[in-house]
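The values are calculated or read from the model by the stated rules, or taken from the named source; none is laboratory data. Model, not experiment: these values are computed from the prediction. In this analysis, Cβ positions are derived from the backbone assuming ideal geometry, glycine residues included, and neighbour counts consider all displayed protein chains.
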Amino acid sequence: MIDTETAGILVAGAVLLAAGGTQRSRARAHRRRFASFAAFSAAVDGDAIRAVRDREGEIRAVKAVRDAHPGAPLADSVRYVRSLRTR
C-alpha cells in the first residue's frame, strides 16, 4: 500500500510529464509549420503586436505572440518583438 504523501508525489510527477509532452508536441508542430524565423515573422500580426508593445510593454507583447502562436519558442517570440523596433 502506498502512503498518501507518496501517492501525491506520483500524481504530481505524472501531471508534469503530461504537461511537458504537450509543450514538446506544440514545439514540434511550430517547427513543422514555420521552417524559418522569417516564415514565422511573416505570419505574426505585426501591427497588433506593436500596439500591445506600445500600450503594455515588451513582456506583454511577447505573451501576445505566444498566445497567438502556441508552441512558438520563447526566444523566437522575444526576437520578433525586439525586431519591431527596427521596422
Those residues of segment 31-47 that are closer than 14 Å to S77 by Cβ and more than 16 Å from the chain's Cα centre (by Cα) come to a total of 1
For segment 53-87 the number of residues that are surrounded by 20 or more Cβ atoms within 10 Å (Cβ to Cβ) and either modelled with pLDDT of 95 or more or of a type in the set (S, T, Y) (or both) is 8
Subset of segment 43-62, residues in contact (Cβ under 8 Å) with a residue 12 or more places away in the chain and in a helix (DSSP H, G or I), comes to A43, G46, A48, I49, R50, V52, R53, E58, A61, V62
Scanning segment 29-42 for residues that are part of a helix (DSSP H, G or I) and free of Cβ contacts under 8 Å to residues at least 24 places away in the same chain, the one farthest from Y80 (Cα to Cα) turns out to be R32
Picked from segment 75-87 (must be free of Cβ contacts under 8 Å to residues at least 40 places away in the same chain and touching a helix residue (DSSP H, G or I) at 6+ places or on another chain (Cβ under 7 Å)), the residue nearest to A38 (Cα to Cα) is D76
